[in-house]
Structure formats: structure tokens, C-alpha cells
1. How about the stretch B:1-61: which strands (runs of 3 or more DSSP E) wholly inside it have at least 1 residues that are open to solvent by 40 Å² or more (accessible area, probe 1.4 Å)?
2. Would you confirm whether any residue within the stretch B:97-108 is part of a loop (DSSP other than H, G, I, E, B), crowded, with 18+ Cβ neighbours inside 10 Å, in contact with an Asp or Glu (Cβ under 9 Å, 6 or more places away or on another chain) and more than 9 Å from every other protein chain (Cβ to nearest Cβ)?
3. What tally of residues in the stretch A:68-78 results from selecting those that are within 17 Å of residue A:30 (Cα to Cα) and surrounded by 14 or more Cβ atoms within 10 Å (Cβ to Cβ)?
4. Checking the condition more than 15 Å from residue A:86 (Cβ to Cβ), acidic (Asp, Glu) and out of contact with any His (no Cβ under 8 Å at 6 or more places or on another chain), which residue from A:24, A:67, A:56, A:44 passes?
5. Does residue A:81 count as in a loop (DSSP other than H, G, I, E, B) and either in contact with a Phe, Trp or Tyr (Cβ under 8 Å, 6 or more places away or on another chain) or open to solvent by less than 10 Å² (accessible area, probe 1.4 Å) (or both)?
6. Can you tell me which of (1) away from chain A (no Cβ under 14 Å); (2) assigned to a strand (DSSP E or B); (3) open to solvent by 30 Å² or more (accessible area, probe 1.4 Å) is the one residue B:77 doesn't meet?
Amino acid sequence: ETGVTQTPRHLVMGMTNKKSLKCEQHLGHNAMYWYKQSAKKPLELMFVYNFKEQTENNSVPSRFSPECPNSSHLFLHLHTLQPEDSALYLCASSQEGGLFNSPLHFGNGTRLTVT
Amino acid sequence: DAKTTQPPSMDCAEGRAANLPCNHSTISGNEYVYWYRQIHSQGPQYIIHGLKNNETNEMASLIITEDRKSSTLILPHATLRDTAVYYCIVPNNAGNMLTFGGGTRLMVKP
């Protein structure tokens, strides 16, 4: 039990599908993050939400659409993805975003395959 | 933003200390050094972080040089379950960890 739960663990989708990834944290944190880990690149930050407000978009294509309805839940809506978007998508949380002294706590990710 | 450099891989005998180095020569005065590890098929796990003093917790010790240009993560008695990729990261000036880099793949051998 990591305190950060991601569903589903595995997802296969076609390029014309629309799907959503879900993340829930049970740690009482105020910041949540989406990271992408693909075979060809290191783990990279996608989005940051701090107190439900988006504070970072790391040049992510618009086919990825995040949503943070409250500090405990984070979604990543996917539409018209490309095969190169296949990757492990990781959610993380921290006490508060923008603090240098605030470790990240990660979920175990959703393994996404785009066919 | 400070960049970090780590050796791509290291081996360690089970029961011995594992010392994982990291260079961060461009680190600035208020930037922390964080260490995470990632075991296959799992999300990264936070290990320890520090600013300028040495730190110790139940998982590891972190030794930061006086000039703060490098640090060493020490696993005092490595076990087979410590086999993982270890990442040394310095957050950017907005406090975010943009990328985890390549890390060091530690193989603990019996």
C-alpha cells in the first residue's frame, strides 16, 4: 500500500478511443503530479496541481487533458493518442507543491499501450 | 536548474554497504538533493533528502560534501531486495522534479 492508488494498472486503447486514468491519494497531501516514463526517455514531469490549481504544464500535447476535482483525486483524460504515447504513467503527491522540502510519493502507475 | 550525474550501474555484495555517488556541481544554496529508487514494475520510492547536513533514516544515509557539489547515498547492509534503479535529483527553481535522469542500476548479488 503506497498511499497513492492508480487505476487501471494496465490499459490498451486504440488511437481513436477516449479513456481516463485515475489517481487517488490517501495521505492528506495538497499537490498532485502526473509523470510519464517511456522506454526511450527518463521519467518526466507532465503536470502539477497545487491546491487543485494547475501550476505546471511541461509542454504536454493537448491530447492529454488533466483534471483535479479535489486535492485527493487526479485524472488524466486521453484522446486520439499515438503509438509513441505508450508508456508507464505515474501519479505522485506531496505535502505542497513548489516547496523544496517536500518529497514525492508515487503510485505504481498505469501501463498504457496504444495500438 | 542543477543537473545530476550518476554512474549507470554498480554491483554490491549482499550484506555489504552500497555507496552510490552523485555529482551536482551546479547546485545552488537553497536546493535540496533527493534520492529515490525504482524497483521493476513499481513507482519510484522516496528514500531520503538533504540540504547540507548529513542525513540518516531507517532506509539509508546521505552524505553531502561541504561544497555541496556531490553526495553519496549509503545503504549500510544491502540485501537482494535493494536491487533497483537509484535516482539522485535536484528540484528546479519552482520546486518541481522535472526529470529523473538515467539513475544508477544497483545489482545486489548473493
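1. Working: elements: B:9-13, B:18-23, B:33-38, B:45-50.
So the answer is B:9-13, B:18-23, B:45-50.
2. Checked against the condition, which is being part of a loop (DSSP other than H, G, I, E, B), crowded, with 18+ Cβ neighbours inside 10 Å, in contact with an Asp or Glu (Cβ under 9 Å, 6 or more places away or on another chain) and more than 9 Å from every other protein chain (Cβ to nearest Cβ), the stretch B:97-108 yields no hits at all.
3. So the first thing to find is which residues in the stretch A:68-78 are within 17 Å of residue A:30 (Cα to Cα), and the list is A:68-75.
Subsequent filtering for residues that are surrounded by 14 or more Cβ atoms within 10 Å (Cβ to Cβ) retains A:68, A:71-75.
Adding up the residues that qualify gives 6.
4. Numbers: A:24 fails: out of contact with any His (no Cβ under 8 Å at 6 or more places or on another chain); A:67 fails: out of contact with any His (no Cβ under 8 Å at 6 or more places or on another chain); A:44 fails: more than 15 Å from residue A:86 (Cβ to Cβ).
Just one listed residue meets the conditions, A:56.
5. Working: in a loop (DSSP other than H, G, I, E, B): yes; either in contact with a Phe, Trp or Tyr (Cβ under 8 Å, 6 or more places away or on another chain) or open to solvent by less than 10 Å² (accessible area, probe 1.4 Å) (or both): yes.
It is true that residue A:81 is in a loop (DSSP other than H, G, I, E, B) and either in contact with a Phe, Trp or Tyr (Cβ under 8 Å, 6 or more places away or on another chain) or open to solvent by less than 10 Å² (accessible area, probe 1.4 Å) (or both).
6. Here residue B:77 clears every test but (2).
The values are calculated or read from the model by the stated rules, or taken from the named source; none is laboratory data. Here the structure is a predicted model, which means the values were calculated and not measured. Virtual Cβ from ideal backbone geometry, glycine too; neighbours counted across all protein chains shown. These accessible areas exclude ligands, DNA and RNA; they are computed on the full protein's heavy atoms, side chains included. Shrake-Rupley method; radii C 1.70, N 1.55, O 1.52, S 1.80 Å.
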